[in-house]
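K.L.:
This is the structure, below, for whatever I ask next.
The values are calculated or read from the model by the stated rules, or taken from the named source; none is laboratory data. What you see is a predicted model; the values in this text were computed from it and never measured. Ideal geometry is used to build each Cβ from the backbone, glycine not excepted, and the neighbour counts take in all protein chains shown.
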Amino acid sequence: MSKINTILLGLVIALIVALGGVLYWQKGGFEEKYTAVYLNTGDIYFGKLSRFPRMTLSDVWFLQKGSNEQQGFALSKFEKAFWGPEDKMVINDETVIWTTELKGDSEIIKAIKNPQIAEQGQPGVAASQEVPGTTVDATESE
C-alpha cells in the first residue's frame, strides 16, 4: 500500500470515528448524569458530579425544608442562595455519607429540567412536594 493510500485510509477512519461521536453526542450520549450527594450535616445536594481532581458538583440544586410540616421540601438552585455562591461546589470527601446517580425519570430530574416550576413551588409539582426518603433524623446517624 502506498503512503498516500495509508494516509487516506487513516483520514477516512478518523472521519468515521468523529461522525460516530457526533451522532452519539446528538442523541444525548455524552450528557452528564445528575448525582445526589448526602452529607453528614443532613444536607442533600444534586448536580453533575466530578471526582477529579477534587469532588465537585456543578449545576447544583438542594432540598430546602419548608417553614412548616405541611410544606415538605422544595428544590432550590444553589446559586440563588442569598449569599450569592457560584453554581459549583467543591465537597470535602470526608463529609460525604453516600452518593447515587439519579434515574432520568426521577421527580428531582423532572423539576431540574423545568426550573421555573421548581422555584415557584407550585402545588402538585415535584419540586414542591415532599420527597420520600429524604427526611433525616439526627438520632439515626449517631
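K.L.:
Cβ-Cβ under 9 Å, sequence separation 6+ or interchain: first residue in the stretch 37-52 and within 24 Å of G104 (Cβ to Cβ), partner charged (D, E, K, R) and assigned to a loop (DSSP other than H, G, I, E, B). Which pairs?
P.N.:
Final answer for the pair search is V37/D43; G47/D87; K48/E32; K48/K33; L49/E32; L49/K33; S50/E32.
K.L.:
Counting just the residues of the stretch 1-54 that are surrounded by fewer than 10 Cβ atoms within 10 Å (Cβ to Cβ) and of a type in the set (F, W, Y), which one comes out modelled with the lowest pLDDT?
P.N.:
F30
K.L.:
Which count do you get for residues in the stretch 78-98 that are part of a helix (DSSP H, G or I), more than 13 Å from F46 (Cα to Cα) and at pLDDT 90 or above? I'd like the intermediate steps shown before the answer.
P.N.:
The initial filter retains those residues of the stretch 78-98 that are part of a helix (DSSP H, G or I), namely 78-80, 93-95.
Right, trim to more than 13 Å from F46 (Cα to Cα) and you get 80, 93-95.
Narrowing further to those that are at pLDDT 90 or above: 93-95.
Counting residues in the stretch 78-98 that are part of a helix (DSSP H, G or I), more than 13 Å from F46 (Cα to Cα) and at pLDDT 90 or above gives 3.
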